[in-house]
Amino acid sequence: MARRDELTDAQWQLIEPLFPKPPKRRRKGRPLTEPRPIMNGVLWILRTGARWQDLPDRYPPYQTCHRRFQHWVKTGVLEKALKALARQLRDEADFDLDECFIDGSFVGAQKGALRLARPSGAKARSSWQWQTAPALRWPYTSTAPARMKSSSSRPRSRPV
């Protein structure tokens, strides 16, 4: 039985045909891991926004998940799977996929820095587009918006 935060059997049956079947026997190396636990690990990363190294032990090694994630993105398999799951969610739960909310908050932290100090322009990009760009990289979006000019027209002062 799948965990609450992983794909259900019905969801997996919907997207399973999209994934290439692993060969029964490889000549060299370890046998390929089945795609379902890897997809669950990829979904965990996408949902939490955590680093690949922080993937819990219940999933295959993060290197395997990341490598397969890259391959699925390159071949378009991940996009098709996410769209199929989104369509099922729309049809069964009556969700409106045209409406979404994105939390693009970003706080730069530096050891020993003042709590309310702003990061310098060299260390962090200041426009909201750069702060929300990672969240906009979903199948239903085309590209991240272009960076806008700073609202300040005067040049930045340089320390002497």
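Give the peptides 84-95, 58-69, 34-45, 10-21 in descending order of average Cβ contacts within 10 Å, highest first.
Final packing ranking: 34-45, 58-69, 10-21, 84-95.
Projected onto the charge dipole of region 35-98 (+1 at Lys/Arg Cβ, -1 at Asp/Glu Cβ, origin at the Cα centre), which of 77, 61, 49 gives the Cα projection farthest towards the positive end? Of the candidates, 61 comes out farthest on the positive side.
Per the Kirkwood formula applied to alpha carbons, region 35-98 shows a radius of gyration over Rh ratio, Rg over Rh, of 1.02.
Compared with the alpha-carbon gap, the fully stretched path from residue 80 to residue 8 is longer by 24.2 nm at 0.36 nm per residue. 3J(HN,Hα) along region 64-72: 5, 4, 5, 4, 5, 4, 4, 5, 5 Hz, from the Karplus curve 6.51 cos²θ - 1.76 cosθ + 1.60 with θ = phi - 60°, whole Hz, x for Gly and Pro. The slack between residue 57 and residue 95, meaning 0.36 nm per residue of separation minus the straight C-alpha distance, is 10.5 nm. Modelled spin-label separation between residue 34 and residue 21, with each label point placed 7 Å from Cα along the Cα-to-Cβ direction: 1.5 nm.
No lab work stands behind these numbers, since they all come straight from the coordinates. Please read all numbers here as calculations on a predicted model, not as lab measurements. Heads up, the Cβs are rebuilt from the backbone with ideal geometry, glycines too, and the neighbour counts pull from every protein chain shown.
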